[in-house]
Structures are given as C-alpha cells and as structure tokens.
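Novice: I have a structure here, written as structure tokens, and I will follow up with some questions on it.
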Amino acid sequence: MKIIGRILSVVLLLSMLLCLAACGKATEPGAASEAPTTANGEGAPVSSEPSQPSMRYIAKALPKPDGMGEVKAMAMDGSTLYAVDENLSLFSAELDSLSWTELDLDVAEGYPLSMTVGGGRLCLLAGKEKNGFEDDTFFIIYDLEAKTAQIAEKEPLTDGRAKSISYVQDKLLVLSDFGGLYEYSADGEYVDICTPEGTYASSVAVVGDKPYVTSGGQLCALNVDTLDLTAMFPVGEEYTSYFSYVSPDALLCVTGDSVTRLDAETGFAEPLFNWLDTGFAFYSSPIGLTLTAAGELIFADPADGEIYCLSQTDAPETRRELTIGVGVGVSGTFLSRAMAIFNMNNPDYIAVRRDFAMEDADKLPAELATSNDIDVLFLGSSIDNESAFRSVPLKSTLFVDLLPYLDADPELSREDFIPGAFDSMLQNGHLYGIVPGVYPDTITAPVSVAEDYAPWDMNAILRLNAALPEDHGLFDFSPELSLETLLEYACARFVDRDNAACSFDSEEFIALLRLLDEAKPYDRSASSGSALSIGRASMNISHYKANFNSDIAYIGFPSADGGQSIFTQSIGPFSIMASSENKDAAWQFVRILFTPQLQNNEVCAFGLPVIESCLDKYLERHMAQDDTTTQEDLDKYKALIMSCRGFADGGAVYTIANEEVNKYLGGGKTAEDVAKSIQSRVSIYLSEQFG
C-alpha cells in the first residue's frame, strides 16, 4: 500500500474510533435497578431503551436573513439566538419569531471560532487566521445593552489553540484543542488553568448554572472558584470526544454518533437518538448546540453553516430501511454526509449502515449471491490492497447496471464526468460500480528526461536506468513501493475485462519484469537522488520542481503506445445490488455522492472530484491558496487528469500477479515462466468471473 494510502487509512481509523465511541455501556432494559451507577465514579452509566420509544426527532432548517453567510459561531440567551457568520457579521433573533436584527461588531479582521453569552455580554472567541497552528486567538466582548464591542487580547495558552468558549457563574471557560481548560473573567482577564492529572479535558457542558467537564472518560463537576474537578461517573473511553453544549436542566452526552440524556445523580443513561437518523453527520462539533426549555435542540451544522432545530414528534417512524453495506475500515465523511442528506430529504426511506468485519470477507461473495437485505454496497478503494473485500468482482450477476439510472437522471449525466474516469468505470458498456473520487497515478520526470527518452516505452526506461549513477535510484520510493505501483499499473494495462482476457505473456510485460529486477534501488537516507517520481501525482507541484531542480513533465508509465497514466479509486466504487427491492431509492442515495455539495467538500478530503465542473473549482481553489503554483502548472496537471485511462487494480488480479512476481524476484523462476504463470492464473480467474 502506498505511503499516503497507509496514512489515510490510519487517519480514517482514528477518526472513526473518536467519533463512534459509545457514551455508556448498554444493558438490558430494566437493568438500572439491578446495577445502579453511583456518583463516586464506580461503574459505567446504566442505559435503557428510551422511555418514550414512540417519540422521534425531526429536523427543520431555520430561515436566515439576507446577507448572512455560513454560520461559524452561535449561542443562545434564553429565547434569543445570536449567530456570527464567516465575515464576522453578528445577528440576533427571537426564536419564536426569527425576526433577525444585524448588530454592529465593528471588528475588521478575524475568524469566528466559538461564542457564549451571559451576564449581559456576548463573548466571541476569534482567531487571527482560519487555520492557525499556534495560539492566535482573542476575545471580542459585546455589551448587549450598550451595543458596543471591544477586543480583549487573550493571554496565550500553554498548550495548543483555543477552540471553544463557555460562560458560567460570571466566568469564561476556554478549552484548548490539546485538552487544557482555562478560566478568564467576564471581561477577558486571565484567571487560572485547570490541569486534570494524567489526562485532559475533552469538553465542557453548562447545565443551568452548573459546569461539567468530561476528562479521561469521566464526567466531572467543576468548581469554578477553585477549578477542582470531582469525578462523578464514567461516560466512555478515555479519549472519546464529547461536544460542548448548554442546556437548562438536562445533562446530555453528545458524540458524533448519538445523543443520550444522563442523570447527574445516578448516571442513568437514556438514549434519545442517533444523528444519522435525523439527517446529520458530525466529524467536528455541531456549532452552538443548545437544548431549550421546550426540549428542542438548536445548532448550526459546520458542513453547510445552516441553523437547524431538532424537535420531538409522536409520529412513528414509517420509512423503509435502505441498507448500505460497508467493508471494514473503509469509510469517511463522504459516506456519512451522503447518508445524512438522504435521511433528511427522503420521506420514504432511511439509510442505515451494515458494517462487515474482516472475517466476513472470505464468505462475502457467496453471501452476496443469496442476499436480499443489502441495497447499496461500498467495499473500499483500490488503494486498500490488503483488504480481502477487494476480491469481490463487479459483475452483472451481483450488481445492477447503473447506466439506465444515470441516463434517466434529470440533473446528472455522463457528460458531467471527467471522460477518462467515467470510461474507466464502464465494463463492456455497463456500469456496475460508480466512483466518486480518484487520484492520478503516473511517472513524473524532469522535462529533459521527457525530451531525451522519447518515445517513452520499456526500452527507454531500461536505457535510462542503465545510464544512472550508482548513487541514484530510478524511482523516488523504495523497491517495495515501486513494485506495488508498477503492478497496479500492470493490472490495468494488461487486463481486458470487457473480453475476459489478459496479455501478461506479452513482450512488454516481460520487459516490465526485467525492469522490476534491474531498477536501481532508492534509499532515502543513502541515495543522492532519483531520476523519476512514481505513483500518485499530488498538487504539490513545487515539491517536484525542487526535487528535480527543473520544470517537470507527466510522462506516464512506459508502454508500447507511449506513456500511460491511470487512476486510483480514492473513493468507491459504489454498487447497487441486483437483489435489492429498493433500486430507485438506492440510486437516489448513490447520486448524492456526485452532487456539488459532496464533490466540492467531503470528496475533496479523500481525492479529486470526478465531476469535471467540481474539479475545475477544486483547481481554482488550489491556485488561490498556493502562490507558488502557476496557471501553466494547473493546466498541465489537469491535462494529466484528462489523459488518465483505467483504474489501478488492488484486487484479485493484483494478488495473483504479486505472488508470482515475487517468485521471479526471489530467483526461483525466469521472467518468461512467471509471465506464463500469471497469464494462466489470471485467464482462469477472468473466465470464471467475467466470461
């Protein structure tokens, strides 16, 4: 697996662990009387089914005034709602009427981070930069009666950057992103720091006029005079992230997964709802989360900057379930966000996840062949070579052809896609899996190499390798990672799924085997440099120029047809099961992944958008943020993307090729023998799966 792929997988796994950790240990209904939790912290909170199982929560967006941008900070004082947008414009409204008034902050610069209100003051925590790495935050204190604002330069924190602020008992509590809890006066003067021994504070909740802190997996009462913490009871794992909130009388446990009401005396936990059921997915805190006296939850969604109200209804849940089957460890914000949008807008269906464990992988193909309880399947991306789920073949006996659904869609069409990416999704004219995000895989070289070694075929790269000084590697990665990338390319280059055929016994593939054996190795600590950069072509164009001390060219992998570049599927494919009884609803879910809302945001965190207009917007944003990249650089990068054809294959064919090639590299077989073995084994596989 490529280095970036491994890092991405680790980041995703950590995100999932943090966001999905439970806020209490569930027991059977009625267990509360048998195993009560005491306030001294012995045992975990006891939970039961909701006391009103027929009640559910529904969401509605609250109208915003003209001129308000995306809300970045929000707070409530009684029934008055205050909101600050990305431009530091401050608005207020009464919740019952939502008649908005713009207040004059008179602050020229800054980026809003968090806001709190109390004691006749509104205190805004702002940053000098949007994504500062050191503490560059300050207070904006607005007098609600005088309607005047003043800036209070905040004493720098000793750890990390300030991220949230709460008002309680005429004090301001500031939480850092490293878990420090700092106390200030209502005027912004530094008072003291709370340092939980051996751990850190993860969130602050203000209930009525009482502050609570989650620290080390414990819910603790905070004494604002002494800054002492008194542990009450466990509320989850030590590093679970909980969200700051304000409520009049209820103690809520709020995670990225769910909301639970806690009894502060006994620790009794009552599950209220899961966020996805209401149409939301959070990987950072909902903004200004407040529970009103009427039992409604008011907050802004950081994904779109809109303000929402969640309220209870006694109408039963009547929507049918749309089941999304997900391979282990392959998830991300794009999937949860798509599910949230679907659940908020579809009156007939609710999307639910079914996660497969790694031990399910071997029996999954047989299970899918007889299953009728999975509607949409997402098993991972081709960068996940080590995942056994990649061995599930895309074929008509399992999956429905999506082309008729795409062609009938009133807003999405084939022409919207990057042409090469869309063509690579097709299999013999059918679309059994659709891919929302990609990366370009290529070979990058100095312009002089591109000019001197044209045409760029296997003979050219072998000549280049032979001409290199001994202290130079051919590629800029280790032999193991270079081998992986070249095999992924080979599985795209020498396999024809349309005709269930392959050409691993060709002279070109045998020459590729020679290259794998003869390529001068690269050692980052010992080699003086490398001739070529192999693999994923990033937008960090200045890095390539500095590495080669030259302008660069994307010359692709050497082939008889000249350089060829391919795609890696950074997200997907998504498929609709042929056995699904909800195919129309399944398409309504899948198409969300290709809307601008997903392509311009969540997809960009995991790859490049496959919708061409969204790709152009992505490139424009990069141009605006990186003054070292020229328009010529971006044009060259887009030309690379438009030239890519085929997907890197990290599935069954790759596994076969990798096994046989290592026999050759180990000296046990000749290149010709290995090519014949791969040809035979892959031919049988393709015939069985696609013939």
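Novice: Counting helices only, and only those DSSP H runs with n ≥ 4, report the 222 nm mean residue ellipticity of the chain as the sum of -39,500 (n - 2.57) divided by its residues, in deg cm²/dmol to the nearest 500.
Specialist: -7500 deg cm²/dmol
Novice: Within the chain, what is the longest stretch that has no chymotrypsin sites (Phe, Trp or Tyr not before Pro) placed in a DSSP loop and near at most 14 other beta-carbon atoms within 10 Å?
Specialist: Excluding the exposed sites themselves, the longest stretch runs over 179-691.
Novice: Give me the angle, in degrees from 0 to 90, between the Cα long axis of helix 3-20 and the longest principal axis of the Cα atoms of the chain, rounded to the nearest 10.
Specialist: Taking Cα atoms only, the helix is inclined about 30 degrees.
Novice: Turning to a different aspect of this structure: How do His430, His543 line up, fewest other C-beta atoms within 10 Å first?
Specialist: On the way: His430 18, His543 13.
Starting with the residue having the fewest Cβ neighbours, the order is His543, His430.
Novice: Amide H to amide H, which residues 5 or more places from Gly118 or on other chains are under 5 Å from it, using H placed in the peptide plane?
Specialist: Cys123
Novice: Moving on to the next point. Along the charge dipole of the stretch 48-179, which of Ile141, Ala75, Leu90 sits closest to the positive end, that is, farthest toward it, with unit charges on the beta carbon of Lys, Arg, Asp and Glu (+1, +1, -1, -1)?
Specialist: Highest projection toward the positive end goes to Ala75.
Novice: Please report the net charge: other residues with Cβ closer than 12 Å to the Cβ of Asp249, K and R +1, D and E -1.
Specialist: 0
Novice: Using the crude model of +1 on Lys and Arg Cβ and -1 on Asp and Glu Cβ, and no other charge, please compute the dipole size for the stretch 204-305 relative to its Cα centre, in debye to 20.
Specialist: On the way: 2 positive and 14 negative charges, 12 e Å.
So the dipole magnitude of the stretch 204-305 works out to roughly 60 debye.
Novice: Here is a further query. Describe numerically, in nm with one decimal, the distance between label points set 7 Å from Cα along Cα→Cβ at Lys60 and at Ser396.
Specialist: With each label placed 7 Å out from Cα toward Cβ, I get 4.9 nm.
Novice: Given H placed 1.01 Å from N in the peptide plane, which residues other than close sequence neighbours of Ala186 have an amide H under 5 Å from its amide H?
Specialist: Leu172
Novice: What is the Rg over Rh value, at two decimals, for the chain, using alpha-carbon atoms and the Kirkwood definition of Rh?
Specialist: 1.01
Novice: Over all pairs of distinct alpha carbons, what does the Kirkwood formula give as the hydrodynamic radius of the stretch 83-209, in Å?
Specialist: Over the stretch 83-209, the inverse of the mean reciprocal pair distance is 15.2 Å.
Novice: Please report Rg over Rh for the stretch 271-341, where both radii come from the alpha carbon positions and Rh follows the Kirkwood definition.
Specialist: Across the stretch 271-341, the Cα-based Rg/Rh ratio is 0.99.
Novice: Using the alpha-carbon atoms, what tilt in degrees (0 to 90, nearest 10) does helix 631-643 show relative to the longest principal axis of the chain?
Specialist: So the helix axis and the longest Cα principal axis differ by about 60 degrees.
Novice: Let me ask something additional. Treat the count of other C-beta atoms within 10 Å as a stand-in for reagent exposure and order Ser533, Ser579, Ser506, Ser525 from fewest to most. Could the numbers behind the result be given before it?
Specialist: Working: Ser533 22, Ser579 18, Ser506 15, Ser525 4.
Ascending number of Cβ neighbours within 10 Å: Ser525, Ser506, Ser579, Ser533.
Novice: I've got another one for you. Taking the Cα centroid of the stretch 336-351 and of the stretch 426-450, what is the distance between the two, rounded to the nearest whole Å?
Specialist: Rounded to whole Å, the Cα centres lie 31 Å apart.
Novice: Ranked by Cβ crowding within 10 angstrom, fewest neighbours first, how are Ser683, Ser79 ordered?
Specialist: Lowest count first: Ser79, Ser683.
Novice: In debye, nearest 20: dipole of the chain around its Cα centre with unit charges on the Cβ of K, R (+) and D, E (-)? Present the calculation step by step, with values, prior to reporting the outcome.
Specialist: Values: 45 positive and 103 negative charges, 277 e Å.
Magnitude of the dipole: close to 1320 debye.
Novice: Moving to a separate point now. Are there any trypsin sites (Lys or Arg not before Pro) in the stretch 513-604 that are in a DSSP loop and have at most 12 other Cβ atoms within 10 Å? List them by number.
Specialist: Values: sites: Arg514, Arg524, Arg536, Lys545, Lys583, Arg591; in loops: Arg524.
Those satisfying the criteria are Arg524.
Novice: So what does the Cα-only Debye profile of the stretch 628-679 read at q = 0.13, 0.18, 0.31 Å⁻¹, as log10 I(q)/I(0), no solvent term?
Specialist: -0.55, -0.66, -1.08
Novice: For the chain, take the longest principal axis of its alpha carbons; what is the angle in degrees between that and the long axis of helix 507-518, to the nearest 10 within 0 to 90?
Specialist: 70
Novice: Ok, one more. Could you give the distance between the Cα centres of the stretch 75-130 and the stretch 567-631, to the whole Å?
Specialist: 33
Novice: Please quote Rg/Rh for the stretch 607-650 to two decimal places, taking the Kirkwood radius as Rh and restricting both calculations to Cα atoms.
Specialist: Details: Rg = 11.7 Å, Rh = 11.5 Å.
That ratio is 1.02, to two decimals.
Novice: When the gyration tensor of the stretch 483-606 is built from Cα positions, what are the square roots of 5 times its three eigenvalues, in whole Å, from largest to smallest?
Specialist: In descending order the semi-axes read 35, 24, 12 Å.
Since every read-out is calculated from the coordinates, none of them should be taken as a lab result. Model, not experiment: these values are computed from the prediction. As a convention, Cβ positions derive from the backbone with ideal geometry for all residues, glycine included, and neighbour counts pool all protein chains shown.
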